[in-house]
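Step one of this worksheet: look at the structure below.
Read-outs: derived from the displayed coordinates by stated rules, not from any lab. Quantities reported herein were computed from a predicted structural model and do not represent experimental measurements. Methodologically, a virtual Cβ is constructed for each residue, glycine included, from the backbone with ideal geometry; neighbour enumeration extends over all protein chains shown.
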C-alpha cells in the first residue's frame, strides 16, 4: 500500500515574478504566427508613433503630436487583437469553463466598433469641413501621410501575404485532397472570388488541425478568407455541409478586425495623399472633406459584416452555417425509434467554427436510450456540431 | 403535377401577382426616366423664357408648335372617323378648359419657380385620385395610403410655411412692369386679397390647378373615346386651343410692346420645350402606361422628375451651366432666382415618398399566394406565415404599441422619460441657437443629439431584450442588454480617450475660450443630467448603498464653487441624490472602489443590468462634463487661469475612464461565458451534491454561463451506474442545480457502456468527418441515420 496524496494547491502562485510573466507572454506571442505578425506590426506602428511624437515635440508642431496620438489610438486595435490572440490560448479553468476562446470574437467586435466610431467621427468632421472648407496646410501633410501609408502597406502585406502566398502552395491541395474527395476543386477555384474562397479557407483550416503546427496553417486559411471578405461583404462564411475542425490558435475575427483596421488606415492615408495632391495642384479645397467622407463610408460598409457576425456569435445565435442543416437533423432525430419529441434546441457558436448544442428529447419509456443517444450524436456530429448535450426525458405515461 | 407543385413552392411568394420580368421593362423605365428629366429641363427653360415672353403668347406658341407636330404625326383629319358638329363643340369646351389649366399652371410657374412647380403640379392622376380617395371617402385603402396622404399634405405645408425664399419678399412689391395684362393683374389682386405672399399664392394656385387638371383628365376620358383615341384628341385639342388663343394674342401684341429683342434666338429653346414638355412626355407616358401598370409608371416617373428637378434647381443658376445653356440671355439680376431652401428639400423628399406610397397598388385583394390548382380545378392558395397578418401596419398603432411596451417596464420607462427630457432640452437649445444665430449653441445642440444616441441605444436594448426567443436566437435576446452596456462603455472609453488627448494638447497650448455663453447652457445641461442621474441611480443606489457618503468630503473639497449650483438642485431632489450629484468625483472613486472589491457586489444587486449601468455612466459622464465646464469657466473668469479648462477635462477623462472599467469587465466576463461569479460558490457546492447523488459516478464537461439577466444556462455530462433509472437522476440533478440558480439546464446521462462506445468513437473527430464526407459524396447517407 503506497500512500496516496492529492496536492491540489500545487499551483499556488507564491511569488509574483513580473519578469517571468513577461517573458512567458513574450514567448507565447512569438510561438504563434498570427500573434507574432501582430506583435511585429504593433512594434512598427508604435515606433512610428514615437518617432512622430518626439519629432513633434522637438519641432513643437501640434499637428504632429495630435497625429501621433491618433496613431496610438490606432495601436489599440492591434493591441486588442494581440491580447485576444494571447488570451484565447489560455487554458480553461474553473471559472471560464469554455476557456478564453471567445476573446477573439470579442476582439473582432471591439475592433469593428472602434472602426465604426472612427468612421463616424471622420464623417461628421468631413461634413463640417464640406460646409466651410478650412485652410489646410498641405506642406507638412504629405510626408507624414506617405510614411503612414508605407507603414500600413507593410501591415497589409504582412497579414495578407502570410495568408495568400502560402495557401496557394502545395500542401494545401495535398491535404484537402486526402481529406475530402470533392474539395480540391474548391481549393483551386477560390483565388479571390468571394463565394468560392470560403471553401479554400475551409480546406486549409482543416489542414491546420491535421498536419503540423496547426496555428500556422490555420492562419493561412483564415488569411484567405479575408480576401473574400474584403471584396464582397461576406454574408455567410461557411457553407453548411462542410465540416471543420477549429483552427484554435488563429482566429478569423481577430485577423479580420485588424486587417480591416489597417485597411481603413491605409485608405485614410491614400485619401489624405490624394486630397493633398489635388489641393496642391488644382487648389480644390473641397477635395479633402469629400475624400474623407467617402473613406468613412467605405470603412463603415466594410465593417458591417464583421460586426453582424460577431454580434450574432456573442448573442448565442444559431450559427448561420447550420441554419440549413438543423431542421433536417431535427427531422432525422425525431424519426428515430422511440423518440416522441424534440424540445429546447439551442445551438450556438463558441468561437470560429466551434458549434455547441443542447437538445432535450422526449422518448418512450421502453426506448433504447443508449442507441438514441449515440444516434443523435452521430446525426449532429455530421452537421458539424462539436459538443452536444442531449438530455433524454421519459414521457410520463 | 408534383413537379409543378414543387417548383411553385420553390419560387416563393412571387405568384400572387403576375409580373412581367424586370429586364424587359428596364427599357421602358429608362425611357420614362429620361423623358422626365427632359421635361424638368424644359420646365426650367420655360421659366427663363417666361421672364421675357408674355404668358399668353408663350402658351399660344407652345400649343401651336405642338399642334403642328402632332398634326404631322397623327393626321387627325385624314384618318379616323369624321367628327360631328356636337363633338366639335365638346372639343372647343375641352380646349378652353385645357387653356385655362395651362394658363394657371404656367402662371404658377412664374410665381414660384420651376422647382416648386414641378413638385406641386406634376403629380400623376393616380396619386391625386388616391389622395382624394383617402381624404374624402371613408375607405381610403388602409393605413399606408393614409400615411401617404399625410406625407403629401405635410409636403404642401412645408412648401407653404417653411420655405422662406428671399425672392418672394421682393416680388411682393408688385413690380408694375412685370405683368401688364388684365388677367395677370386680376390674378395678382386675387392672390393679394387672400393675404398670402405671391410665392405662397403660387403654391395655392398650383394645388388648385393640379386638382383641376386631374378632374379635367377624368372628364375628358369619355370624349377621347368618342373621338377615337387619346392621341387624336390631344392633337385636335392642341390645335383648337391655339385657335382659341389666337385673338387674344393678336390683341396683346397690338396693345403692348414686347420685351423680346429677337424672336429668332428664342426658336431653339421653344422647340426644345415643345418637344420635351408636351410631345415626348405625352407619347412616352402613353407607351409606358400600356407596357407597365399605371401606378408603377407613375412611381418611377415621379421619382425621376422630382430628383432631376432638385438637381437642376441646384445647378441651374450655377455659373458653369450658364455657359452651357443654349440661349444667350440678357444678364439678369441674380436675386430673382428662386433659391433652394431646406423646406423645399424636405418637401421634395416627402413628395417622393408620398407619391410612391400613394401610387403603390393596394394589396387588399391579395391574401395568399397561388400555389396551383387542385385536380378539380379550384385554385389553391398558400397562406404563408405572415401573409395573414402582413398588412402594412398603421403608424399610430405602431407608435402606441411600442410606447406601451416601453412604459411597461421600469428600466425602459426611466430611459424613455429621460430621453424625452434630453431631446426637449436639445431642441430648445437648437431652436434658440437658430433664433439667435449662434453657432456655438447649434453645435452644442448637435452634440447633445449625439449623446442621445446612447440613450436611444439603451432604450432599444431594453425593448429588444424582451423579445421572445426565436428559432435563430434560441436563448432569446436578453444578451442585447449586455451588449448595449458593453458598447456604451466602449463608447465612453473612446470619448474619454479623445478628451484626454485634446486636453493634453491644450495643456501645452491653452487656447483662449469665449466664456460668455457657456455658463447658462452648461448649467441647463447639468440640471437635465442631474435629473437623469436621480432617475437612474434608484436602481444603482441599491448596489452601492452608503458608499457615496464618505466621498462627499471629496466633492466639497474639490468643487468649492460649483457647490452653489448644486445647492439648487439639491434642495429640489432630496438628500441622497444630492449626494450623488454633488460629488461626481467622489462617485467615480467609489465606483472604482467597488470594482476593487470585485464584481459581485456591483453586479449582484440592483446593478445587474449592464444596459442601465451603461446608460447611467453615460449620463454621469455628461454631468461631469458640464460640471467641469462650469468650474473651469468660473476659474477662468475669476482668476484668469486658462489652464483650468484642460486640467478639468484631464481629470474628468480619467474619472470616466476609471468608472467605465468595472462595467466593461463585467460585460466581458459575461460575453466570455465565465461562470457567473455571484453563484460560483453555490455552483461548486451544488456540483459536490450532484456527485453524491446515489448512482452518479462522476460528471464532466460542466459548463455554466449567464446568458442574460434572467437566464442562466448550463450543460453537464453525467456518468451513472448501469442499473440506475436515468430519469430520476436527471430530475435530481436539475433540482439541485436549479437551487443554485441555473434555470436552463440540460443533462446528458451516460452509462458506462455508452461512454466507452462514445470515447472509442470520438477518438478522432476527424475520422468521423472524413467518413461522413466520403459517405455523403457517395450518396450513401440519404436513406438512414445509421453509419456505425
Please rank A:91, B:613, fewest neighbouring Cβ atoms within 10 Å first, as an exposure proxy.
A:91, B:613
Give, in whole angstrom and from largest to smallest, the semi-axes √(5λ) of the equivalent ellipsoid of segment A:293-397, with λ running over the eigenvalues of the Cα gyration tensor.
38, 11, 10
Above 17 Å lies some portion of the pair distances; for segment B:438-486, what is it as a whole percent of all C-alpha pairs?
50 percent
If you rank B:29, A:359 by fewest surrounding Cβ atoms within 10 Å, what's the result?
B:29, A:359
Given an 8 Å cut-off on Cα distances and at least 6 residues of separation, report the relative contact order of segment B:605-759 as a percent.
18 percent
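Order these by the 10 Å Cβ neighbour count, fewest first: B:734, B:35, B:654.
B:654, B:734, B:35
Work out how much length residue B:436 to residue B:400 would gain on full extension: take 0.36 nm times their residue separation and subtract the Cα-Cα distance, in nm to one decimal.
Separation in residues times 0.36 nm, less the Cα-Cα distance, equals 9.4 nm.
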Calculated FRET value between residue B:150 and residue B:226, using beta carbons and R₀ = 51 Å, to 0.05:
0.85
